[in-house]
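Structure, as structure tokens:
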Amino acid sequence: MLQHVLEASLRQTMSRLIRPALHPVVPVSVQRLLIRQAYRSSTPPRGCDFRKETLADVPVIRSTFGAVNQGTVLYLHGGGYIIGSAATHKGLTGHLAKASGCTVVTPDYRLAPEHPFPAALDDAEAVWHRLISDGHSPAETAIAGDSAGGGLAIALAMRLRDKQQPLPASLTVFSPWTDLTQQALYSPEHEPVLQPRWTAKAAKLYAGPEPLDNPLISPVYGNLTGLPPLLIQVGSQEILLNDSERLASAAQKAGVDIRLEVFNSLWHVFQVHSGQLDRATAAVNAAGEHIREHLEG
């Protein structure tokens, strides 16, 4: 009963505070400030350790929980490629570190509109290669991300494959943004977080002069053949539900080991409420299990 009340309360909070902030008329600089404040309610589990450092000239936050006895997760944060940071996602990465037993490395990749495509992808790739050169085996390293970061995770894996580079042990994406053309947005009865006009603006700011259906911008249009095992989690109350379902379908057709989990009545990247909302905690625990299952060593 208490969880039901909490879920309703969180949904109202998202609708009244987050969704209005994500409006195309609100300046990006203001949105960054508002979202930074809003994410303060997403708290990591007690015992997490966060360390700032720089890898390949990209600032990162390294998140750990207790004694790390697994591998490494390169985590790419969401925010429509225009907002968000490694710091805003410390709650989520902290819970993922606990659930997976891994060190979670979150880059502060460059954001649009100051740095449009392919800046974010270039930064993510640079950090990946630095992790590998520092001795992190690809077989013991996973890539994960949420929203835009989820799409970026898929794009990074595609780029690595196309360059015939070693691939991560697995991919895990929460509510991934995989089609920036918005040609097949889902229309839920209630969407507590995202507005199509805001995502459309963010897409244009990120893509710049590049076509929105460029597979490294909208991975659903790409060739997914040869990608590592993929876990997709998405809520039923979000306009990006179709992005996840279409990605899952394309991955399945390409022969990828794919698992799609749709959480009824939950919203965009609900996993940020891990540690508060039981279903969010369970989702992150499942993600941690997926990551552990495919690590070698």
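Give me the one-decimal nm value for the distance between modelled label points at Val30 and Ala139, 7 Å along each residue's Cα-to-Cβ direction.
My value for the distance between the label points is 5.3 nm.
Between Ala282 and Thr225, how many nm apart are label points set 7 Å from Cα along the C-beta direction?
3.9 nm
Considering the options Thr13, Ala86, Pro228, tell which one lies farthest towards the positive end of the dipole of the chain, charges being +1 on Lys and Arg and -1 on Asp and Glu at the Cβ, about the Cα centre.
Result: Thr13, furthest along the dipole toward the positive end.
First check a/c for the stretch 228-297, with a ≥ b ≥ c the square roots of the eigenvalues of its C-alpha gyration tensor; if it is under 1.5, answer rounded, and if not, answer prolate when a/b is larger than b/c or oblate otherwise.
oblate
What are the ³J(HN,Hα) values, in whole Hz, obtained from phi via the Karplus relation 6.51 cos²θ - 1.76 cosθ + 1.60 with θ = phi - 60°, for each residue of the stretch 99-105 in sequence order, with x given for Gly and Pro?
3J(HN,Hα) across the stretch 99-105, in whole Hz: 5, 9, x, 9, 7, 10, 10.
Taking the Cα centre of the stretch 188-297 as origin, sum charge times position over the Cβ atoms of Lys and Arg (+1) and Asp and Glu (-1), and report the length of that vector in debye to the nearest 20.
Dipole of the stretch 188-297, to the nearest 20 debye: 260 debye.
Carbon-plus-sulfur fraction of the accessible area of the stretch 1-294, 1.4 Å probe, in percent? Working shown, then result.
Details: 5930 of 11660 Å².
Percent of accessible area from carbon and sulfur atoms in the stretch 1-294: 51.
Extension gain Ala87-Ile132, at 0.36 nm per residue separation less the Cα-Cα distance, in nm?
Value of the extension gain: 13.9 nm.
About its Cα centre, what dipole magnitude does the chain give when the only charges are +1 on Lys and Arg Cβ and -1 on Asp and Glu Cβ, stated in debye to the nearest 20?
For this selection, approximately 700 debye.
Using θ = phi - 60° and the Karplus curve 6.51 cos²θ - 1.76 cosθ + 1.60, what whole-Hz ³J(HN,Hα) does each residue of the stretch 216-229 get, with Gly and Pro shown as x?
Each residue of the stretch 216-229 in turn: 7, 9, 10, x, 5, 8, x, 8, 9, 4, x, 6, x, x Hz.
Rank-order 185-196, 224-235, 70-81, 24-35 by packing density, defined as the average count of other C-beta atoms within 10 Å over each peptide's residues, highest first.
70-81, 224-235, 185-196, 24-35
So with the 1.4 Å probe, I'd like the accessible area per residue for the stretch 1-294, rounded to whole Å².
Accessible surface, normalised per residue, equals 40 Å².
Rounded to the nearest 0.05, what FRET efficiency is calculated for Asp162 and His115 with R0 set to 25 Å and r the Cβ-Cβ distance?
0.65
Compute the length gained on full extension between Arg40 and Thr54: take 0.36 nm times their separation in residues and subtract their Cα-Cα distance, giving the result in nm to one decimal.
2.7 nm
Estimate the FRET efficiency between Glu261 and Ala184 by the formula 1/(1 + (r/R0)^6), using the beta-carbon distance for r and 22 Å for R0, to the nearest 0.05.
After rounding, the FRET efficiency stands at 0.65.
Just for the stretch 1-294, what percent of DSSP beta bridges are antiparallel, to the closest 5?
Given both bridge residues lie in the stretch 1-294, the antiparallel proportion sits at roughly 35 percent.
Sequence gap at least 6, Cα distance under 8 Å: using those rules, report the relative contact order of the chain to the nearest whole percent.
Once normalised by length, the contact order is 20 percent.
Whole-Hz ³J(HN,Hα) for each residue in the stretch 115-123, computed from phi via Karplus 6.51 cos²θ - 1.76 cosθ + 1.60 with θ = phi - 60°, x for glycine and proline: what do you get?
So the Karplus estimates, Gly and Pro as x, are 9, x, 3, x, 4, 4, 5, 4, 5 Hz.
Given only helices, namely DSSP H runs of n ≥ 4 each adding -39500 (n - 2.57), what is the per-residue ellipticity at 222 nm of the chain, to the nearest 500 deg cm²/dmol?
It lands at -11500 deg cm²/dmol.
Find how much the distance from Val5 to Ala67 grows on full extension, using 0.36 nm per residue of separation minus their present alpha carbon separation; answer in nm with one decimal.
18.8 nm is the gain from fully extending Val5 to Ala67.
The values are calculated or read from the model by the stated rules, or taken from the named source; none is laboratory data. Note that the structure is predicted; figures quoted are calculated from it, not measured. No Cβ is skipped: glycine too gets one built from the backbone with ideal geometry, and neighbour counts run over all protein chains shown. Accessible surface areas use protein heavy atoms only, side chains included; no ligands, DNA or RNA. Shrake-Rupley method; radii C 1.70, N 1.55, O 1.52, S 1.80 Å.
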